[in-house]
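Structure, as structure tokens:
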Amino acid sequence: MKPATFNSTHQIQENAPNPPLKNSHQGLTTTPPDSTKHLQGMQEGKSSVKDQETTDETKLFEQRLMTSADNEEEKECPKKRGRKKGKGKELQDLLEQYQSMKRIPSQHMNSEDSNQNDENSQEQSEDPNQSQTLHKNQQDSQRRSRRQHLPQKFKTFDNIISSQEEKMIKLAIKNSLIEKENKVTESLEVIEEVKTFYPSQEEFKTPLKYIEKLQQQGAQKYGIIKIVPPKDFKPSLAFDLFSDQKLPSRFQILQDLAQGKPFNQNHSGHTLSEFAQLSKKLDEPDCDPHDYWAIEKEYWKYVENQMGPLMKVEYAADLNVQLYGSGFGREGQQVQDKRSEEYLDHPWNLNNLYKQEGSLMQFPRSKDISGINIPWLYVGMKYSTFCWHYEDLMLYSINYNHWGKPKLWYGVSEDYREKFEKAVKTKVALLFKKDPNLLMDIITMISPHYLVQQKVKVYKTLQMPGEFILTFPGAYHAGFSTGFNIGEAVNFVTKSWFDYGLKCQEIYRRTREKIPVFPMDWLLIENIQNLDKINLDLETRLKLKEIYVKVFREEKKQREFVERFVRSGYGDNDQNKQPYQIMAQRENVPEDQHQCNFCTDFAYLSMIYCTKHKFNYCLFHEIMCGCGPHQIRLIYRFTTKELEKLEKNIKDSCSQQAPKNQILQANIKIKSKDTGKNEKAGIINQTIFEINNNYIQKPSSSQEKGSANVSSQKSDSLIKGSNQPEELQKLIPKQSL
């Protein structure tokens, strides 16, 4: 601590040599600058003169000490200067320096006697350069010897604390850590298990219809669920476990997972056999390899409590099955086990999921999308971790454990998504200050123990080999492997995903960090253009029409604004000039070719190109660059009339698919006026209309009799809109009937 300055001290220092200096780090006295001459003089036989100088220094320190004490009462209150203590500490420092100066003469005399007895030292001291070198070495030796002495407070502490008391302190610290660990363990044990579903043989034939059924039953409240297939579903592993093919992996240090550190890549990778051997080395001798909840506790000791030795594992994730093979087998892949050939066309083979009825990825494409119609392979060892995240564009995902040890999953539903994000930002506030979109990087692991404390509803489950895990749109999920295993996963799109997709698109635009896996507009256009080639039921087509009309109206509104701006730069003779250009060879331009330079979203339907700044952006930012109409080019992939024609096509398709003179059962979702969310929405199954020649026909007199009388009256009231919410009337697809 640097001593405070006294006025009297300045007066003394004007005519006095520098006092010994206080080493702020060690709290020990070091030799003052003027003592250099004193040590040199001792080696030349002039100790008597220097002893006199030391005596003078001692007197000066006595005078300084007395002066400081006299002026103590005259100084202002220490609290006014923001210090918690007065001059007592400074007086103590001065006293220690005064006592050290009194010890210097005897030390110097001992040095002189030793120098006289050492003839080699006298010979070297005759050379001035050698004398300075010797003096410097003695100074360094003196400093080191002083630093080896413990400060006085530690000596006193050793005298106060007995060995028994020291053992008690260590035991208290250990018990404190155990108590913290027990709290974490108790929280892990109270986490509720997700619900497990067992589809029948008939339900198992149509995977996406079955998943939509679970969605309507409210299964999404868990965030993730487990699906156990029928007993006869036993696909064999399609590739060779003893293959020499190397799988690239990523390094993970468990103690760093809570700190949001990026993973280092192991591009050389390992074979499957090497992965198995590395995982086996992580098994602890006193831990049962089948006690998976004990493994969970050990895992969070490393991650959350930062205990134990540095634990480094590897994880081979996001491997394209076209390059490394699918566990189910796929077309063009050499199948190792002939028994797996019968599952090549199975609907639950994840390579075929995008082809199933109800999928919005059935349309033909010029290229594959990795992770959508091309599954990903995952090879993990013990403690291999997938950190907290939700899927790209909040898509559905389904994961199958082919072989090996179980995976432990944690899930948080979309209803708790914002609460989850707030809790994580509070936990690692400094990390979010550096990177506000940290969770999108999928490199941060937060304990469910902490999330439960923050009132976030967390579910968990153990995925055994042969079981599926389904993650719902917008649900955060994370987990780790309990040992060596092989898994496979894929994303898919159904009608119930659209609302989540639009929500996620807005999040991506706002954060300007994440690039979508595909353009939302492209998905809508491709499905409508290929309605005659794909298998979509009426409910899916109605949802497709609803979302397309919403997107098209917003697009049309933005186009009209920008077109007026471009025309403002035309002369009187050019007012009839077309204010936009059609994208050249649009059939050959990939859907992800053009990207907005501002929000990173894809500019699929249209874009603005600035000839001055040489970049493009989407219409939602209007004229972001601030340039004039002569420097702006408006480029469309489809004209407005072409988009209107697509709207007519989807409406006609809904009308044609609905059979005439047949009563339909419709699921109408009523949005809550108070919250505006679907969380409190009710599902009403009502017979609402009868179709006949593209107009709504009132119930016939025959239907008003018997048991049909009640349902006919309900249908009539819904059509007329009497005593019904306005939202319900808007959702009745009159134009499509």
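The values are calculated or read from the model by the stated rules, or taken from the named source; none is laboratory data. A quick note: this is a predicted structure, and the numbers were derived from the prediction, not measured. Cβ atoms come from the backbone with ideal geometry, glycine included; neighbour counts cover every protein chain shown. Surface areas here come from the heavy atoms of the whole protein model, side chains and all, with no ligands, DNA or RNA. Shrake-Rupley method; radii C 1.70, N 1.55, O 1.52, S 1.80 Å.
Can you find even one residue in segment 541-548 that is out of contact with any Leu (no Cβ under 8 Å at 6 or more places or on another chain), in the same structural domain as F233 (by the TED database) and not in a loop (DSSP other than H, G, I, E, B)?
No, that holds for no residue.
Output the number of the condition that L310 fails; it satisfies all remaining conditions of (1) open to solvent by less than 10 Å² (accessible area, probe 1.4 Å); (2) closer than 28 Å to L408 by Cβ.
(1)
Return the residues of segment 315-361 that are in contact (Cβ under 8 Å) with a residue 12 or more places away in the chain and of a type in the set (G, A, S); say none if nothing qualifies.
Of everything in segment 315-361, those that are in contact (Cβ under 8 Å) with a residue 12 or more places away in the chain and of a type in the set (G, A, S) turn out to be A316, A317, G325, S326, G327, G329, S340, G358, S359.
Any residue at all in segment 576-584 that's of a type outside the set (G, A, S) and under 28 Å from T494 (Cβ atoms)?
Scanning segment 576-584, I find no residue that is of a type outside the set (G, A, S) and under 28 Å from T494 (Cβ atoms), so the answer is no.
Since K407 meets every condition but one in (1) over 19 Å from E212 (Cα atoms); (2) crowded, with 22+ Cβ neighbours inside 10 Å; (3) in contact with a Lys or Arg (Cβ under 9 Å, 6 or more places away or on another chain), which condition does it not meet?
(3)
Can you pull out the strands (runs of 3 or more DSSP E) entirely within segment 152-270 that have at least 1 residues that are modelled with pLDDT of 95 or more and either of a type outside the set (V, I, T) or assigned by the TED database to the domain that holds P347 (or both)?
Answer list for segment 152-270: 224-227, 247-253.
Which condition does P436 not pass, out of (1) in contact with a strand residue (DSSP E or B) (Cβ under 7 Å, 6 or more places away or on another chain); (2) part of a loop (DSSP other than H, G, I, E, B); (3) of a type outside the set (V, I, T), if it passes all the others?
(1)
Among the residues of segment 554-586, what is the count of those that are surrounded by fewer than 12 Cβ atoms within 10 Å (Cβ to Cβ) and touching a strand residue (DSSP E or B) at 6+ places or on another chain (Cβ under 6 Å)?
1
Within the group K209, K246, K234, which residue is open to solvent by 40 Å² or more (accessible area, probe 1.4 Å) and more than 25 Å from Y343 (Cβ to Cβ)?
Only one candidate passes the filter, namely K246.
Could you go through segment 409-428 and let me know if any residue there is without any contact (Cβ under 8 Å) to a residue 40 or more places away in the chain and of a type in the set (A, V, I, L, M, F, W, C).
yes
Per-residue answers, yes or no, for (1) at pLDDT 50 or above; (2) open to solvent by less than 30 Å² (accessible area, probe 1.4 Å); (3) touching a helix residue (DSSP H, G or I) at 6+ places or on another chain (Cβ under 8 Å):
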| site | (1), (2), (3) |
| --- | --- |
| R637 | yes, yes, yes |
| I650 | yes, yes, yes |
| K673 | no, no, yes |
| I688 | no, yes, yes |
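Pick from segment 349-369 the residues that are in a loop (DSSP other than H, G, I, E, B) and hydroxyl-bearing (S, T, Y): which of them is modelled with the highest pLDDT?
S359
Please go through segment 357-409 and give me each residue that is among the β-branched types (V, I, T) and more than 20 Å from E193 (Cα to Cα), ordered by number.
I369, I372, I374, V379 - these are the residues of segment 357-409 that are among the β-branched types (V, I, T) and more than 20 Å from E193 (Cα to Cα).
When you scan segment 440-495 for strands (runs of 3 or more DSSP E) that lie fully inside it, which ones turn up with 2 or more residues that are closer than 19 Å to K407 by Cβ and of a type in the set (S, T, N, Q)?
Per the criteria, 459-463, 485-492.
When F275 is evaluated against the numbered criteria (1) open to solvent by 20 Å² or more (accessible area, probe 1.4 Å); (2) not in a loop (DSSP other than H, G, I, E, B), which criterion, by number, is the only one it fails?
The one condition F275 does not meet is (1).
Residues in segment 372-381: is at least one part of a loop (DSSP other than H, G, I, E, B) and buried (at least 23 other Cβ atoms within 10 Å of the Cβ)?
yes
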